[in-house]
Amino acid sequence: MSKRIVPWWIKQRHNPQIGVYCIAMGQMSVRAAKCVEDNTLYGSTVMLRYETEKEYEVAVAKLCK
């Protein structure tokens, strides 16, 4: 049996008043990421998916300043 790979995620928030910012969310299932993306009351949220931890860490360093 192969091990299920859980992707890493960054939440990118688009808030009309304060602009765009990112939050490192870590590993979570696709279903959980979809719930985070869908439960935005103001503005919008885009979940950015990364398959490897290395890709995720590079993106966090670049986006989550």
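A Cβ-based charge dipole, computed about the Cα centre of the chain with Lys and Arg at +1 and Asp and Glu at -1, lands at about 60 debye. For percent of Cα pairs over 20 Å apart, computed directly from the structure shown, the correct entry in [x] 29; [y] 18; [z] 26 is [x].
Which whole-number percent gives the relative contact order of the chain, counting Cα pairs below 8 Å spaced six or more residues apart?
Computed value for the chain: 40 percent relative contact order.
The distance between label points at T52 and A24 comes to 1.8 nm (points 7 Å beyond Cα on the Cα→Cβ vector).
Every number here is computed from the coordinates shown, using simple stated rules; none is lab data. Keep in mind that what you see is a predicted model, and the values were worked out from it rather than measured. Positions of Cβ are generated from backbone atoms using ideal geometry, with glycine treated the same way; all protein chains shown enter the neighbour counts.
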